[in-house]
Amino acid sequence: MSELLFGDLSVSYDGRVAVHPLTLAVPSGGWLCLIGPNGAGKSSVLRSACGLVAHGGSVTVAGVDTATMSTRRRSRAIAFVPQVPVLPADMTVYEYVLLGRSPFISYFGVASASDRAAAAEVLGELDLADFAQRRLETLSGGERQRIVLARAIAQGSPVLLLDEPTSALDIGHQQQALELVDRMRRERGLTVVSAMHDLTLAGLYADRLALLHEGGLVAQGSPAEVLRAEILSEFYGVSVRVHYEDDGTAIVIPNRRTRV
Amino acid sequence: MTTNRRGWVWLLAATLLLAAAVVLGVMVGPAGSLSAANWNIIWNVRMPRVALAAIVGAMLSLAGASYQGVFRNPLVDPYLLGAAGGAGLGATMVIAFGRAATSDWFVDPLPLAAFLGAIAAVTVTYLAGAAFGSMRTSTSLVLAGVAVASLTSAIQAFVLQRSSDGVIRAVYNWLLGSLVNASWHDVRLVLPYVVVSGAVLLAHRRHLDVLRVGDDEALTLGLDVRRVRITVVAAATIGTAAVVSVSGLIAFVGIVVPHAVRMVCGGSYRRVLPISIAVGAAFLILADIPGRMLQNPAETPLGVVTAFCGAPFFMVLLRTRRATV
Ligand SMILES: Nc1ncnc2c1ncn2[C@@H]1O[C@H](COP(=O)(O)OP(=O)(O)O)[C@@H](O)[C@H]1O
Ligand SMILES: [Mg+2]
């Protein structure tokens, strides 16, 4: 059964359609990657799923429509990592990760021992225990991405949405972050949907890709089915070659327009 | 955690500061220091004045810190959404249309009009902001506040322009903020509002910490951002309106105190709110002392002292420490 289901999901801003009705299902423990040019509607899909923008159609998690959930209930079902997270400069890493427990704290309550233990556990799992008392402003780009991920994982939601989680990182830290997501997905059985620009990485980590173009879903399937030169050329407006490794990994290489 | 323990130390230090300020405030005045002979002055003049200064300072600081949290802007104060303009207009109306005639009224209409004026102005701001913009962004609310403040000051100017010099002077004195006529009656009048408002604001300090990551992320962390914002703004406004109604518009406290606290003890609202209460109370008690001593030709208004001490202090802090919300 699919854990996350977008049923005829559509988004419009002030009457202008940004996402045409699309239907996508992600099985429990699966990783769907949304790809497509800038402005295709990837962020709109993710943001509507976690209640940040109004949408048509439905988003259901384990069969429950998110429209029927309270804000708190929805935050227990779906964790979201925005493209540019806000990191209060003088907050400590521990305080920040503990924010992930907010959905479990009653309105007038304070973080319980089990909330604190959950935050500490995630910090340990992500090898961040030594960072607990560091202020966020003192972290490097790669460390920031890890603690943002740690907060989302501390939320304990079965569904994790990531909006371009690696766009600000170098190749080593991109790999580190994605490996971390993949490990959490396997260890905690998370269902992941991410928007990504690096097509090679998208194909490497996700088990399904969905290609959006001008708000429409134009292709979906396994990486091998979607990462094809003629599809990418058509929708990205560039000429590319796709090279397949022996293990099936697709490598997307842009062609130079004019060869010297 | 070590950060929590440090929080308690700061709160203790702030409380000691407050205790020292209270002692000093009661000891110092034109009638001389503590003695049996001037007990009457101390009990009926200085003590209510110290108590009221503490209440006003604590409330403005707490409301300022809460506003800053809910708007994620370190430069806003509790007057942001028109509370000052509304209170000023209410007071102006009473003073302009016959302050003398109200001396034997059962209820003094001046604080009442200021209180209701502040509440009305913020309500108009809220309704306008909600009608003209999405409430998920606070920008429309702030802009509506600017509009309401201009409107109230326009009406005020129109009324004053038709008033006598005496009225203008009285209004001006009220606007500057002062505790000259502080009495136990004033203390009893505002205390219930301040206690309720303070309790509600303190109860939301964890929510303000969640809001530090912005409206969107706070929402995905399960915070009903809109409800929290309305609740905090309402509580802060009621408390502010209550203290302003008896003290006039005392400037700068609501920005300077939370800022100073934040710079010293960090930005977590779990610490900033309670410590701002103690520091704000101490600050206003101390700021009220020079005014009593500088009596010629008239007592220096408290609002002048707070701005005069607060502004340079603020600049020094800004130079030496970086501010974050
Ligand atoms: N808040 C918004 N208001 C109006 N238009 C928006 C808003 N957010 C996104 N859009 C528009 O919706 C379209 C899709 O944007 P987005 O979902 O951010 O695309 P992507 O993440 O794929 O780059 C774009 O045309 C963008 O201009
Ligand atoms: Mg985007």
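The values are calculated or read from the model by the stated rules, or taken from the named source; none is laboratory data. Here the structure is a predicted model, which is why all the values come from computation and not from measurement. No Cβ is skipped: glycine too gets one built from the backbone with ideal geometry, and neighbour counts run over all protein chains shown. Heads up: the accessible areas ignore ligands, DNA and RNA and are worked out on the full protein's heavy atoms, side chains in. Shrake-Rupley method; radii C 1.70, N 1.55, O 1.52, S 1.80 Å.
With all pairs of separate Cα atoms included, region B:17-95 yields a Kirkwood hydrodynamic radius of 15.1 Å. Among the helices of chain A, none built from whole DSSP H runs has Cα atoms reaching 24 Å or more along its own axis together with a mean Kyte-Doolittle hydropathy of at least 1.0. Along chain B, counting only chymotrypsin sites (Phe, Trp or Tyr not before Pro) with a DSSP assignment other than H, G, I, E or B and at most 16 other Cβ atoms inside a 10 Å radius, the longest segment between sites is B:107-325.
Simple rule: put +1 on each Lys or Arg Cβ and -1 on each Asp or Glu Cβ in the protein assembly as shown, find the dipole, and look at B:V244, A:S28, A:S12; the Cα lying farthest toward the positive end is B:V244.
Only protein heavy atoms count here; on that basis, with a 1.4 Å probe, A:H20 has an accessible area of about 90 Å².
Within the full protein context, the accessible area of A:C50 is estimated at about 10 Å² for a probe radius of 1.4 Å. 3J(HN,Hα) along region A:211-227, derived from phi through the Karplus expression 6.51 cos²θ - 1.76 cosθ + 1.60 where θ = phi - 60°, amounts to 9, 9, 9, 6, x, x, 7, 9, 7, 8, x, 5, x, 5, 6, 8, 7 Hz, with x in place of Gly and Pro. How many angstrom lie between the C-alpha centres of region B:187-249 and region A:77-109? One Cα centre to the other: 21 Å. As a fraction of the 1.4 Å probe accessible area of region A:4-254, surface on carbon and sulfur atoms comes out at 52 percent.
Summarising the amide proton neighbourhood of A:L211: residues at separation of 5 or more, or on other chains, whose placed amide H is nearer than 5 Å comprise A:I35, A:V218, A:A219, A:Q220. Sites count as exposed loop sites when they are chymotrypsin sites (Phe, Trp or Tyr not before Pro), lie in a DSSP loop, and have at most 15 other Cβ atoms within 10 angstrom; the longest stretch of chain A without one is A:109-260.
Overall form of region A:4-254: oblate. Here a/c, set by the Cα gyration tensor axes a ≥ b ≥ c, is 1.5 or more, and a/b is not larger than b/c.
Just check region A:1-86 against the gyration tensor rule for me: Cα atoms, a ≥ b ≥ c as the square roots of the eigenvalues, rounded for a/c under 1.5, and otherwise prolate or oblate depending on whether a/b exceeds b/c. Cα axes put region A:1-86 in the rounded bin.
In region A:4-254, the DSSP beta bridges split such that about 60 percent are antiparallel, to the nearest 5. Apply the a/c threshold of 1.5 to the C-alpha gyration tensor of region B:2-320 and tell me whether it is rounded, prolate or oblate. Because a/c hits 1.5 or more and a/b fails to exceed b/c, region B:2-320 counts as oblate.
Its Cα gyration tensor gives region B:47-204 an equivalent ellipsoid; the semi-axes, largest first and in whole Å, are 27, 22, 12. Largest accessible area first, the residues B:I55, B:I238, B:I42 order themselves as B:I238, B:I55, B:I42 under a 1.4 Å probe with ligands, DNA and RNA left out. Residue ranking by accessible heavy-atom surface, 1.4 Å probe, largest first, among B:R319, B:R49 comes out as B:R319, B:R49.
Along its three principal directions, the equivalent ellipsoid of the protein assembly as shown from the Cα gyration tensor extends over semi-axes of 56, 26, 19 Å, largest first. Expressed to the nearest 5 percent, the antiparallel share of DSSP beta bridges inside the protein assembly as shown is 60 percent. Ellipsoid fit via the Cα gyration tensor, region A:141-260: semi-axes of 28, 16, 14 Å, each the root of five times an eigenvalue, largest first. Residues in region B:116-248 average 44 Å² of solvent-accessible surface per residue, probe 1.4 Å, ligands and nucleic acids excluded.
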